[in-house]
Amino acid sequence: MTIRLATWNINSVRHREEAVLRFLREENPDVLCLQETKTPVEKFPLEGLHALGYRHVAVRGEKAYNGVAILSRLPLEELPHRDFCTRGDARHVAARLPSGTVVHNLYIPAGGDLPDPALNPKFAHKLDFLAELRAWGAEAPPERAILVGDLNVAPREDDVWSHKQLLRIVSHTPVEVEAFTAAQAAGGWVDVTRAHIPDGRLYSWWSYRAPDWQVADKGRRLDHIWATPDLAERSGASRIARHVRGWETPSDHVPVIAEFEA
């Protein structure tokens, strides 16, 4: 069975509910994973989703911050979430599809502006989160699993608009990239997007500060789809829905999409 999956940092699902519904109507993914939903579970907007056939949801949320959700046309078995860094943040949700495939949806901390863990607690939190992700993968190597989300690291030189200029900018610093790639390797995860689009600049985020994001094109690839090798080898049709950044009142992120025989 081919499953079409997308991941998107929506930057407030209640504020951008119409954008979510438009994306679902136009792209028809079987599963959509959202991050930074910024709403308590009881206020998550479900009516429009149900009307489009997305009647199966696994949601974790909190007021004004964080929040992750898995929306699906297919039945979901919600699984226990992991409390990264024991903060109680709504940054991980997991569910099992009817085929047995497990989907993990993560929102990794952005890390603030100063890439120094001694001076910036937010950056220290990010590094601790990545270290725990690495340890998790090493302790219990995943099988038949997909991990997606706003992972807040652009690991490759062509995942940013200027490798040289961003080496000291949070999301592309060497210490983050090293921690990120170590976490990926520990879990045996395959970067599905780059497996299918190996060459060239590729972005999923553009700052709100840019007066004309499309002309300046100073983007970063912060949103990722990983899979265990057994699923990665049966994946395809990866792409980034760049055009969504041009919609009215957009998120600063755009959806990343892949298909799996899952």
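Bear in mind that the values in this text are calculations on the coordinates, not laboratory data. Predicted model only: the values in this text are computed from it and were never measured. Neighbour counts run over all protein chains shown; Cβ positions are idealised from the backbone, glycine included.
Please identify which residues in segment 166-190 have an amide N closer than 15 Å to a label point set 7 Å out from the Cα of A118, following the Cα→Cβ vector. None, by backbone N distance to the label point. In summary, the aspartates and glutamates within cross-link reach of K38, defined as a Cα separation below 15 angstrom excluding same-chain residues under 8 places away, comprise E17, E62, D89, D150, D252. Once the C-beta distance of E42 and Y208 is scaled by a Förster radius of 30 Å, the resulting FRET efficiency is 0.55 to the nearest 0.05. By the beta-carbon count within 10 Å of each Cβ, the least crowded to most crowded order of H163, H104, fewest first, is H163, H104.
Once both labels are positioned 7 Å from their Cα atoms along Cα-to-Cβ, the gap between S12 and R234 label points is 4.1 nm.
Distances over 19 Å make up what percent of all Cα-Cα pairs in segment 149-257? For segment 149-257, the share of Cα pairs beyond 19 Å comes to 45 percent. Using a 10 angstrom cutoff on alpha carbons, build the Gaussian network for the chain and name the most mobile of L32, L24, L130. Checking each option, the largest mean-square fluctuation is seen for L24. Relative contact order for segment 2-261: 19 percent, from Cα pairs under 8 Å spaced at least 6 residues apart, divided by residue count. Seen from a random direction on average, the alpha-carbon convex hull of segment 2-261 projects onto 12.8 square nanometres.
Calculate the length of the line joining the C-alpha centroid of segment 84-102 to that of segment 217-262, in whole Å. Here the two parts' Cα centres lie 19 Å apart. Rounded to the nearest 0.05, the FRET efficiency derived from the C-beta distance between H50 and T86 at R0 = 45 Å is 0.85. Computed over the chain with a Gaussian network model linking Cα atoms closer than 10 Å, the most mobile of L202, L52, L231 is L52. A full extension of the chain between E248 and E78 corresponds to an added length of 57.9 nm, given 0.36 nm per residue minus the alpha carbon distance. Here segment 117-156 yields Rg over Rh of 1.05, to two decimals, using C-alpha coordinates and the Kirkwood radius.
Label positions at A185 and Q165, each projected 7 Å from the Cα along the C-beta direction, are separated by 3.1 nm. Counting neighbouring beta carbons within 10 Å and listing from fewest to most, the residues S162, S204 come out as S162, S204. Would you look at the GNM of the chain, springs on alpha carbons closer than 10 Å, and say which of R22, R134, R209 moves the most? Taking springs between Cα atoms under 10 Å, the residue moving most is R209. By the beta-carbon count within 10 Å of each Cβ, the least crowded to most crowded order of C85, C33, fewest first, is C85, C33. Each part gets one Cα centre, and for segment 138-171 versus segment 188-202 those centres are 11 Å apart.
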